[in-house]
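These notes are about the structure you will find just below.
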Amino acid sequence: MARYKKLFAAVFATAAITLSGCGNSPVPTDGLPAEATGAVTTTVGTTTAETSAEEKTVNKVRTAEELAGKKVIALTFDDGPNTGVTGEIIDIAGQYGIKVSFFVVGQEITPESAEMMKRAYSLGCEINSHSYTHSDMTTLDADTIKEEMRKTAELIYDTVGEYPHFFRPPYISVNSTMYECIDLPFISGIGCNDWEDDVSVEKRVRFLTQKCSDGEIVLLHDQKTNEKTAEAVRQAVPVLLEQGFEFVTVSELFAAKGITPSSTDEIIYNFATVSGQKE
Ligand SMILES: [Zn+2]
């Protein structure tokens, strides 16, 4: 708990405060044995050549013209992949034909959870980086930060045949060293503290159906124990579709709004706007 508080103190000490953060437990996973994680690279890597070409044709990024005039939101999920809640979110995406984005933790990628990433990618969902160990990167040196990013990017590439386009900092904790070392746009989002178990399904549904707005990045978690978010998404998606929302990937969200997200300016995006904030 002390660590949890310390991390939040670090978050709030930064200039890039956001309305919500990725504040789930400091290490979100049971963690794989190092040797099991190491094996993934080889196992997953062998399937890339057979699957990536076919999936890429499915994973079409819609253009600004195709999304013109639509109310767009990007549902994003942190802390997977896993075969439980991640799979449920993908089922919902498949059922409604919608796209969402996953920010995966490298050390969570196993042969089994990699299959979830491939399923998501084949539906047009986007796979982005949420670091390798889910550490508070403000405590890491430059080389370690680069290594976290490199390992996760390679695992994502080996699994779906495409490198990540965006980075979500663990705990939304950022500093200048991170901005210098990481050449991807930083993404936060608006959330409802859905890593806290006492936030009920009803509250999550209310947040999703009443608070989401055009151009917004919605920050949720597909941690393996987060059934409440899976249920909330299941209930909220048809309501949001009824409200006229188009569910897009983070890449498509920026394209739809004509924004080129910066990976050099110290911006962390909650919305697809020039400033990253609601305008
Ligand atoms: Zn996280």
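All of the numbers you see were taken from the coordinates with simple rules; none came from a lab. Note that this is a predicted model, so its numbers are computed, not measured. Heads up, the Cβs are rebuilt from the backbone with ideal geometry, glycines too, and the neighbour counts pull from every protein chain shown.
The ranking of SER131, SER213 from fewest to most other beta carbons within 10 Å of each one's beta carbon is SER213, SER131. A simple count of charges around TRP195, restricted to other residues whose Cβ falls under 14 Å of its Cβ and scoring Lys, Arg +1 and Asp, Glu -1, yields -3. Loop-located trypsin sites (Lys or Arg not before Pro) in region 190-279 (DSSP state other than H, G, I, E, B) with a sparse environment of at most 15 neighbouring Cβ atoms within 10 Å: LYS278. Using 0.36 nm per residue and subtracting the Cα-Cα separation, the extra length available between THR177 and GLU266 on full extension is 31.0 nm. Each residue, LYS211 and SER275, gets one label point 7 Å from its Cα in the Cβ direction; the gap between the two is 2.0 nm. Taking 7 Å steps out from each Cα toward its Cβ at ALA68 and LYS257 produces label points 2.0 nm apart.
Longer than 28 Å from Cα to Cα, which of LYS146/LYS278; LYS99/LYS211; LYS146/LYS203 are they? Say none if no pair is.
Exceeds cut-off: LYS146/LYS278; LYS146/LYS203.
For the cross-link pairs LYS60/LYS257; LYS118/LYS151; LYS118/LYS224; LYS71/LYS151, the ones whose C-alpha atoms lie over 25 Å apart are LYS71/LYS151. When the GluC sites (Glu not before Pro) in region 186-258 are filtered for DSSP coil states and for at most 16 other beta-carbon atoms within 10 Å of their beta-carbon, the remaining sites are GLU196. For region 62-112, trypsin sites (Lys or Arg not before Pro) are listed when DSSP marks them as loop and at most 15 other Cβ atoms sit within 10 Å of their Cβ; the list is LYS70. One compactness figure for region 121-250 is 1.15, namely its Cα radius of gyration divided by 2.2 N^0.38 Å.
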